[in-house]
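Chemist: Below is a structure I'd like to ask you about.
The values are calculated or read from the model by the stated rules, or taken from the named source; none is laboratory data. This one's a predicted model, so the numbers in the text were calculated from it and none came from an experiment. Positions of Cβ are backbone-derived with ideal geometry, glycine not excepted, and every protein chain shown enters the neighbour counts. For accessibility, only protein heavy atoms count, side chains too; no ligands or nucleic acids. Shrake-Rupley method; radii C 1.70, N 1.55, O 1.52, S 1.80 Å.
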Amino acid sequence: MLAPGSGPELSTWFAPLWRQISWLACWIALCTAEAAPACPPPCTCDGHGLQVDCSGRGLAALPADLPAATHSLLLLNNRLSSLPAGAFAGLPGLQRLDLSNNFLDGLPRAAFGGLANLTELWLHNNSLRALDPELLRPLARLRHLDLSLNGLARLPPGLFDGLPALRSLFLRANRLQSLDRRTFEPLASLQLLQVGDNPWECDCHLRDFKHWLEWFSYRGGRLDQLACTLPKELRGKDMRVVPMEMFNYCSQLEDQNSSAGLEVPGPPCTKASPEPPKPKPGPEPEPEPSTACPQKQRPRPVSVRRAIGTVIVAGVLCGVVCVMMVVAAAYGCIYASLMAKYHRELKKRQPLMGDAEAEHEDRKQVSSVA
């Protein structure tokens, strides 16, 4: 309980202190407001501005004044159809970028410039038809890339050269028919690959990629399914279970192409070529080859390997036939010698049999006389 007269003295002492505390609180609030990044009006941000959510806002262009400290930017389910070069250059700390479910039909080469810390890029369900080989080169720390459900018909060589840390790659539901092994060889850290729902043509163009898939599976990589669409004999089969013997004809095609590339056609013979002078009467000289119209060379075998194989097979067959003939001749000789020996012994026995019968007749005659 306060002593009398102490109330006015306490209020007089507390008023300056309260004023100082109020000024300090206002100054702290002002500093906090200046330090906190401003959130773009159509988006929502968390307390520190590290995650900016602009999904489902009907945006046709990127929002302006994005916080420089943004770590996660969600732009899915909008109406974005294009991105300017260096669109995210002011976000050096960005780690996750989601551009799924938009209308992007093309990306400039420098669209992701300045995103050295980006680890996740989602481009699911857009209208991408082609990609620049240098598009992903700045994303050295990228770990997850989703390019599924687009219209990609091919992947340019060198697209993944700058992605040594990539672990998961999604290429489902595109228009891919074949893949180049060299495009995937730089992905040393890849663990998950999804390539299903593409019109794969399991022909010679996919043979080298099949070798890479075997190596990928051997080191523990996971793959969904690479089902063949063409040819009809392999439709619906997984490319991984198709035996390599099915691609033996590819080497023959390569030999044919290489041999065809070595033939250099000579200059064509034209009607304006000078005619050779008529020979004078007398012994006919030997014809000389014309330099203007060279003689047509004899056709050479398309594949040297095939010709050697044919010679080997023919030689083996001829050898088998010769061995069979020798065996048949030896059998005939042995049979003939045995038959001759048998007849000789038979002839030797016939006179002996005749003498025994004569002696028997003589005995009969002597007994009758007696």
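Chemist: Ranked from highest to lowest mean number of other Cβ atoms within 10 Å per residue, what is the order of the peptides 328-334, 68-74, 143-149? Each step should come with its number before you reach the end.
Modeler: Details: 328-334: 10.0, 68-74: 18.1, 143-149: 19.7.
Answer by packing, highest mean first, reads 143-149, 68-74, 328-334.
Chemist: Rank these by accessible area, largest first, 1.4 Å probe: 178, 100.
Modeler: Details: 178 45, 100 10 Å².
Per-residue accessible area, sorted high to low, gives 178, 100.
Chemist: Something else now. Heavy atoms of the protein only, probe of 1.4 Å, neighbouring chains included. What is the accessible area of residue 324 in Å², nearest 10?
Modeler: Accessible surface of residue 324 is approximately 120 Å².
Chemist: Still on this structure, please answer the following. Over the heavy atoms of residue 325, what accessible area does a 1.4 Å probe trace out, to the nearest 10 Å²?
Modeler: 130
Chemist: Let me ask something additional. Report the net charge of residues surrounding residue 215, where surrounding means a beta-carbon distance below 15 angstrom and charges are Lys +1, Arg +1, Asp -1, Glu -1.
Modeler: On the way: positive: 181, 182, 207, 210, 219, 222, 240; negative: 180, 185, 208, 214.
Combined, the nearby Lys, Arg, Asp and Glu give +3.
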